[in-house]
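Quick notes on the structure that follows.
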Amino acid sequence: MEYTKMTVAQALVKFLDNQYVEFDGVETKFVEGIFTIFGHGIAVGLGQALDENPGELKVFQGRNEQGMCHVATAFAKQHNRRKIIPCASSVGPGAANMVTAAANPSVENNIPLLVFPADTFANRQPDPVLQQLEQSSSLSVTTNDAFKPVCKYWDRIVRPEQLMTAMISAMRVLTDPAETGAVCIGICQDVEGESYEYPDYFFQKRVHRITRPVAVEEEVEDLAAIIAGAKKPLVVVGGGVKYSEAGEAVEKFCEEFNIPFGESQAGKSACKSSHSKCLGGIGVTGTLASNTIAEEADVVIAIGTRLSDFTTGSKSQYKNPNVKVVTINSSKFHAYKMDAVKAVGDAKVTIEALSQKLRERKFISAYTTEITEAKAAWDKEMERLAKYAYDDQFEPMVKARDPRTIPEFVELTGGVITQTAALCAIREVIAEDATIITAGGSLPSCMQRIWTTDKRGGYHAEYGYSCMGYEVAAALGVKLAEPDKEVYAVVGDASFQMLHSEIMTAMQERAKINILVFDNCGFGCINNLQMNNGIGSIGTEFRYRDANNETKGNLIPVSYAKVAEGYGLKAYTVKTIDELKAALEDAKNQDNAVLIDLKVIPKTMTDGYKSWWNVGLASTSGMESVQEKYTELEAERYKARRY
């Protein structure tokens with residue numbers, strides 16, 4: 001047995017460089033590199049190790065700690081969780097900036113994200129060190145304790161030898177489909193530079209096998225018995241289908257047994273949009289087709305989904321009083337939701353096992369023309385959405401509004417683009433094999449309904465945590481994962497304002513990303529939520545403060561194209577659909593990153609189809625409009641399933 005003396009940081013780098021995963025017989029190097037912003041907490045420890053010998057790891061320079069974590073999350077997601085880029089920051093604000101980003105992959109379909117925030121000094125000699133959080137009740141509490149509720153595994157290295165068990169545990173979680181998510185390993189600043197005689201076997205090549213466990217026979221039999229008794233079953237495709245690469249298996253299952261399927265945000269593009277049984281998005285942001293079929297479904301087959309409130313319409317979507325829910329999920333935690341009859345296992349092999357049992361029963365659903373009729377009705381609605389224009393017959397999709405907003409916006413910006421028509425135009429122009437990215441705001445709502453793609457993984461949404469600011473950073477992450485494909489981030493103006501710092505990293509990496517900023521002067525979807533519930537427009541439109549000291553003055557114009565030009569991007573400002581199409585075509589010829597600033601009329605997004613969302617509206621109010629909405633809300637709550 002051999003030992004090598006090295007620092008903790010040097011040992012960490014060498015360990016990371018020797019991690020691999022194997023899935024379906026294909027071996028992949030697991031760690032691509034390290035994203036970092038070198039604050040004082042890691043510059044001379046981890047920074048020294050990377051400078052001396054990074055191995056095959058590539059060092060990426062972040063601009064905002066949350067942003068670089070979003071890049072890493074999108075990279076891992078687009079690689080179906082089989083490659084990662086760990087992120088390292090200094091102690092204090094650098095670490096705190098990563099907390100939000102760590103919550104995102106833990107919530108949203110278990111995406112592996114490994115973070116290394118520096119910590120305070122283990123020996124406490126310089127306490128309080130620069131940026132140290134001091135808690136009088138415990139000197140052992142640091143900023144990094146904030147990671148505990150948002151991570152799937154958390155550890156702190158206070159002695160050099162702890163690195164070994166900590167990193168083995170980190171890899172265990174990161175490569176487990178049922179448990180993966182954010183992993184935080186805090187490393188005390190002084191310990192980073194301390195030396196230890198590490199055994200060479202710690203640095204041996206490790207291949208972590210990602211297996212396909214099939215659900216046990218009894219559970220598959222339970223599901224088969226329930227589905228065999230169904231007349232109108234409905235499949236809900238979740239993100240687990242995507243990461244299992246089970247899209248084709250689901251399509252064959254639905255085709256063979258005549259079962260339609262709807263998609264969650266995470267599950268969209270696991271299966272092909274053109275499939276005859278595909279109804280599109282389901283739930284609060286679902287299509288008319290999905291939600292119509294869902295009303296009469298007698299068995300819901302939820303595959304690889306968390307069954308969030310948006311997917312289930314706050315547990316009101318499936319209105320058949322005798323509806324049963326069955327689940328296929330690698331996570332027992334998610335499989336148990338909604339009192340489901342569960343089969344815990346990999347989506348692909350469990351679906352195949354279930355298919356065999358249904359085949360033996362000669363099962364076929366009782367659907368006749370319902371699926372084609374629902375799809376035809378939605379196709380007709382899609383035609384309307386694509387042609388929706390600001391003309392003499394114009395009416396806003398969302399009726400509740402400040403009457404000033406639309407005419408004021410058109411006069412101020414000259415923009416006459418509607419949101420639905422813009423999305424349809426983008427789909428028409430960009431390549432079929434492009435990947436589109438969306439996150440918080442009204443855009444994911446529209447896109448889950450409107451967007452179509454036959455590229456598996458071509459729709460990249462962050463809607464589990466609904467993290468505004470994800471989109472621009474994610475575009476870089478996806479581009480790093482698919483350098484030969486076009487990548488488009490569809491982002492609202494509010495989300496762009498929250499976080500676009502990784503534009504600079506994209507320029508540094510010479511990554512051709514396309515950023516489409518939908519400028520409607522506000523937090524559009526939240527303004528809709530307010531006003532649709534009887535509340536006035538407060539703090540959700542971008543307006544100057546007025547003479548009454550309220551933010552209800554004139555709209556504030558912003559040129560996002562000029563922001564982009566400042567970074568060196570090729571930028572366009574478009575005010576009509578024709579200008580948008582021309583810009584998209586010209587952008588294809590650019591080698592540089594691109595930003596298109598779309599002036600999009602407020603209230604021109606889709607407004608929901610046969611679904612409901614439970615929100616915490618005031619039960620007591622002096623406003624009659626709120627009282628009326630609360631009465632309606634209580635009536636819907638009564639109809640919904642209790643748990």
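Counting only strands (runs of 3 or more DSSP E) that sit completely within the range 121-237, those holding 2 or more residues that are of a type in the set (D, E, K, R) correspond to 153-157, 206-210. Exactly one residue out of SER495, SER466, SER501 is in a helix (DSSP H, G or I), under 28 Å from PRO602 (Cα atoms) and not hydrophobic (A, V, I, L, M, F, W, C), and it is SER495. Against the criterion of being among the aliphatic types (A, V, I, L, M), under 26 Å from the mean Cα position of the chain (by Cα), under 18 Å from GLY492 (Cβ atoms) and surrounded by 15 or more Cβ atoms within 10 Å (Cβ to Cβ), LEU555 does not qualify. Picking from residues in the range 5-28 that are open to solvent by less than 40 Å² (accessible area, probe 1.4 Å) and in a strand (DSSP E or B), the one that is farthest from VAL191 (Cα to Cα) is PHE23. For GLU432, indicate whether it is surrounded by fewer than 20 Cβ atoms within 10 Å (Cβ to Cβ), under 30 Å from ALA474 (Cβ atoms), of a type outside the set (A, V, I, L, M) and touching a helix residue (DSSP H, G or I) at 6+ places or on another chain (Cβ under 7 Å). Considered against the rule, which asks whether it is surrounded by fewer than 20 Cβ atoms within 10 Å (Cβ to Cβ), under 30 Å from ALA474 (Cβ atoms), of a type outside the set (A, V, I, L, M) and touching a helix residue (DSSP H, G or I) at 6+ places or on another chain (Cβ under 7 Å), GLU432 comes out as no. Across the range 70-87, the number of residues qualifying as over 17 Å from LEU57 (Cβ atoms) and in a helix (DSSP H, G or I) comes to 5. Kindly indicate which of GLU486, GLU482, GLU502 is over 22 Å from THR413 (Cβ atoms) and open to solvent by less than 20 Å² (accessible area, probe 1.4 Å). Testing whether each residue is over 22 Å from THR413 (Cβ atoms) and open to solvent by less than 20 Å² (accessible area, probe 1.4 Å) leaves just GLU502.
All conditions but one from (1) without any contact (Cβ under 8 Å) to a residue 60 or more places away in the chain; (2) surrounded by 24 or more Cβ atoms within 10 Å (Cβ to Cβ); (3) within 19 Å of ASN110 (Cβ to Cβ) apply to GLY477; the one that does not is (1). Taking residues in the range 522-542 that are within 23 Å of SER559 (Cβ to Cβ) and in contact (Cβ under 8 Å) with a residue 24 or more places away in the chain, and partners anywhere that are β-branched (Val, Ile, Thr) and open to solvent by 40 Å² or more (accessible area, probe 1.4 Å), the pairs with Cβ atoms closer than 7 Å and at least 6 places apart or on different chains are PHE542/ILE556. For the subset of the range 449-468 comprising residues that are over 13 Å from VAL491 (Cα atoms) and among the charged types (D, E, K, R), which member is least open to solvent (accessible area, probe 1.4 Å)? Going through the qualifying residues, I end up with ARG449. Here is the figure for the range 271-291: residues that are in a helix (DSSP H, G or I) and either open to solvent by 10 Å² or more (accessible area, probe 1.4 Å) or within 15 Å of LYS455 (Cα to Cα) (or both) total 1.
Of LYS581, LYS575, all but one fail to be over 28 Å from MET531 (Cα atoms), in contact (Cβ under 8 Å) with a residue 24 or more places away in the chain, of a type in the set (D, E, K, R) and open to solvent by 50 Å² or more (accessible area, probe 1.4 Å); the exception is LYS581. For the range 610-620, the candidate set comprises residues that are touching a residue at least 40 places away in the same chain (Cβ under 8 Å), open to solvent by 30 Å² or more (accessible area, probe 1.4 Å) and not charged (D, E, K, R); within that set, the residue that is farthest from PRO407 (Cα to Cα) is ASN614. Hey, could you check the range 29-58 for residues that are β-branched (Val, Ile, Thr) and under 17 Å from LEU114 (Cα atoms) and say which is surrounded by the most Cβ atoms within 10 Å (Cβ to Cβ)? So the residue we want is ILE42. Screening the range 513-523 for residues that are open to solvent by less than 20 Å² (accessible area, probe 1.4 Å) and within 21 Å of the chain's Cα centre (by Cα) and picking the one that is nearest to GLU482 (Cα to Cα) gives ILE513. Evaluation of GLN61 against the conditions (1) open to solvent by less than 10 Å² (accessible area, probe 1.4 Å); (2) more than 14 Å from the chain's Cα centre (by Cα) shows that the sole unmet condition is (1). Any chance the range 584-593 includes a residue that's among the charged types (D, E, K, R), surrounded by fewer than 13 Cβ atoms within 10 Å (Cβ to Cβ) and part of a helix (DSSP H, G or I)? Yes. Looking across LYS242, LYS315, LYS268, one residue alone is within 24 Å of the chain's Cα centre (by Cα), closer than 18 Å to THR453 by Cβ and not in a helix (DSSP H, G or I). It is LYS268. Within the range 381-409, the set of residues being polar (S, T, N, Q) and in a loop (DSSP other than H, G, I, E, B) comprises just one member, GLN393. From the list GLU245, GLU217, exactly one residue is surrounded by fewer than 21 Cβ atoms within 10 Å (Cβ to Cβ) and under 23 Å from LYS77 (Cα atoms). Which is it? So the residue among GLU245, GLU217 that is surrounded by fewer than 21 Cβ atoms within 10 Å (Cβ to Cβ) and under 23 Å from LYS77 (Cα atoms) is GLU245.
The values are calculated or read from the model by the stated rules, or taken from the named source; none is laboratory data. All values derive from a computational prediction rather than experimental measurement. Note: ideal-geometry Cβ built from the backbone for every residue, glycine included; neighbour counts use all protein chains shown. Please note that ligands, DNA and RNA were not included when accessible areas were found on the heavy atoms of the full protein model with its side chains. Shrake-Rupley method; radii C 1.70, N 1.55, O 1.52, S 1.80 Å.
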